[in-house]
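Participant: Below are the structure tokens for one structure; questions will follow.
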Amino acid sequence: MKLLRYGPHGAERPALLDQDGNMRDLSGVVADIDGDTLAPENLTKLAALDLASLPLVEGTPRIGSAIARPGKFLCVGLNYADHARETGKQPPTEPVLFAKAVTAICGPNDDVEIPRGSEKTDWEVELGIVIGSRAKYVSEEDALNHVAGYALVNDVSERSFQSERGGQWIKGKSHDTFGPVGPWLVTKDEIADVQNIDLWLDVDGERRQTGNTSTMIFGVAHLVHYISQFMTLEPCDIIATGTPPGVGLGMKPPVFLKEGQVVTLGAAGLGEQRQVMVKT
């Protein structure tokens, strides 16, 4: 299934895509695309619905974040060796973990804000893992049983805030709109091989990033297992799994986003995003 949320910011309604790509309203069935909805037994019930009986969503409403109110928005840094090298770092021997504030989350096509004082706002196309059931001390073999599905993420970053202002990365990762998620949450049964998903990102129509999840240093199952050794993962938590090479910081000389530029990105089977850069 492809689950999504549509409508004005703060008033999104749950929906899913039918076999013809039409949105069908789910608000008569579930309250939202949240932790309760993503429980395995509830996903099974949704999969059994007669989609033709659900209200058709007319027009082209705004698409919101694919998930509602995640408790945690976790990220994995430097998870592609060639990206680590382009930033001047060695590939890590264990996953590098950091967090984005959940207030950074926005819809896949919402405008992205360049923060006040920013000169180094950057892009990062990523695969996002969405947790479906509580995971604590899970084995790598069992890890995917705790995953509800996957979503496209743009891990927007302000590099000077991240690396030149002291403290931890979260400062450069958490500005409002720095976490577009969606357009859909694609349940894991629709993904034949999560370690073979093509990723891409363009800026003003020029290709900047091309990658595939096969080149991750730490794969999806290992990441869920690993993170669960340090904290409990709850339904609806999201994990952004790292970005392939081609970020602005890695260009020579570095290139960063400016007001009015358009970022488009996508992942095979997970849809596409489009963001216009605006100043706050």
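The values are calculated or read from the model by the stated rules, or taken from the named source; none is laboratory data. These numbers were taken from a predicted model, which means no experiment stands behind them. So basically every Cβ, Gly included, is an ideal-geometry build from the backbone, and we count neighbours across all protein chains shown. Accessible surface is based on the protein model in full, side chains and every heavy atom, while ligands, DNA and RNA are left aside. Shrake-Rupley method; radii C 1.70, N 1.55, O 1.52, S 1.80 Å.
Participant: Helix-only estimate, please: 222 nm mean residue ellipticity of the chain, summing -39500 (n - 2.57) across DSSP H runs of length 4 or more and dividing by its residues, to the nearest 500.
Facilitator: -2500 deg cm²/dmol
Participant: Sorted by average packing, counted as other Cβ atoms within 10 angstrom per residue and highest first, what order do 189-195, 117-123 take?
Facilitator: So the order, starting with the most tightly packed, is 117-123, 189-195.
Participant: Still on this structure: In the P(r) worked out for the range 1-41, what percent of Cα pairs fall beyond 13 Å?
Facilitator: 52 percent
Participant: Charges only on Cβ, +1 for Lys and Arg, -1 for Asp and Glu: so what's the dipole of the range 126-225 about the Cα centre, in debye to the nearest 20?
Facilitator: Roughly 420 debye, rounded to the nearest 20.
Participant: Same structure, new question: If the convex hull of the alpha-carbon atoms of the range 102-225 is projected onto planes in all directions, what is the mean projected area in square nanometres?
Facilitator: Quarter of the Cα hull surface area: 8.9 nm².
Participant: Please get the size of the charge dipole for the range 30-180, origin at its Cα centre, with Cβ charges of +1 on Lys and Arg and -1 on Asp and Glu, quoted in debye to the nearest 20.
Facilitator: 500 debye
Participant: When the gyration tensor of the range 151-280 is built from Cα positions, what are the square roots of 5 times its three eigenvalues, in whole Å, from largest to smallest?
Facilitator: They are 25, 19, 15 Å, listed from largest to smallest.
Participant: Just going by the charge dipole of the range 71-223, with Lys and Arg at +1 and Asp and Glu at -1 on Cβ, which of GLY166, THR121, LEU144 is farthest out on the positive end?
Facilitator: Farthest towards the positive pole: GLY166.
Participant: Quick check: net charge around VAL153, other residues with Cβ under 9 Å of its Cβ, Lys/Arg +1 and Asp/Glu -1?
Facilitator: After counting each charged neighbour, the total is -3.
Participant: Of the listed peptides 60-66, 174-180, what is their order by residue-averaged count of other C-beta atoms within 10 Å, with the highest listed first?
Facilitator: Going by the mean number of other Cβ atoms within 10 Å, highest first, we get 174-180, 60-66.
Participant: Any idea of the accessible area per residue across the range 16-144, 1.4 Å probe, to the nearest Å²?
Facilitator: Per residue, the range 16-144 has 46 Å² of solvent-accessible surface.
Participant: Answer with one residue from LEU97, TYR80, LEU51: the one whose Cα lies farthest towards the positive end of the charge dipole of the range 24-134, charges on Cβ with Lys, Arg +1 and Asp, Glu -1.
Facilitator: So the residue furthest toward the plus end is LEU97.
Participant: Using a 1.4 Å probe, how large is the accessible area of THR264, given in Å² and rounded to the nearest 10?
Facilitator: Counting only protein heavy atoms, THR264 exposes about 30 Å² to solvent.
Participant: How much net charge surrounds PHE218 when only the other residues with a Cβ under 12 Å from the Cβ of PHE218 are counted, with Lys and Arg +1 and Asp and Glu -1?
Facilitator: With Lys, Arg at +1 and Asp, Glu at -1, the net is -2.
Participant: I need the shape label for the range 1-147. Rule: rounded when a/c is under 1.5, else prolate if a/b > b/c, else oblate, with a, b, c from the alpha carbon gyration tensor.
Facilitator: oblate
Participant: Given the C-alpha atoms of the chain, compute the convex hull and give its volume per residue in Å³.
Facilitator: It is 123 Å³ per residue.
Participant: For labels at LYS45 and HIS222 in the simple 7 Å Cα→Cβ model, what's the distance in nm?
Facilitator: Result for the modelled spin labels: 3.8 nm.
Participant: State the extension gain, in nm to one decimal, for the chain segment bounded by GLN195 and ASP20, taking 0.36 nm per residue of separation less the distance between their alpha-carbons.
Facilitator: 60.3 nm is the gain from fully extending GLN195 to ASP20.
Participant: Follow-up. Of all accessible surface on the chain at a 1.4 Å probe, what whole percent is carbon and sulfur?
Facilitator: C and S atoms contribute 50 percent here.
Participant: Find out how many positive minus negative residues lie around GLU86, taking Lys and Arg as positive, Asp and Glu as negative, among other residues whose Cβ is under 14 Å from that of GLU86.
Facilitator: Surrounding charge for GLU86 is +2.
Participant: Taking a cut-off of 22 Å, what percent of all Cα-Cα pairs in the range 128-201 are separated by more than that?
Facilitator: Looking at the range 128-201, the distances longer than 22 Å represent 43 percent of pairs.
Participant: Could I ask something else about it? In debye, nearest 20, what is the charge dipole magnitude of the chain about its Cα centre with +1 on Lys and Arg Cβ and -1 on Asp and Glu Cβ, if you could check?
Facilitator: 800 debye
Participant: What is the Cα convex hull volume of the range 89-148 when expressed per residue in Å³?
Facilitator: 162 Å³
Participant: Same structure again: GNM on the chain, C-alpha springs below 10 Å: top fluctuator among ASP50, ASP198, ASP20?
Facilitator: It is ASP20.
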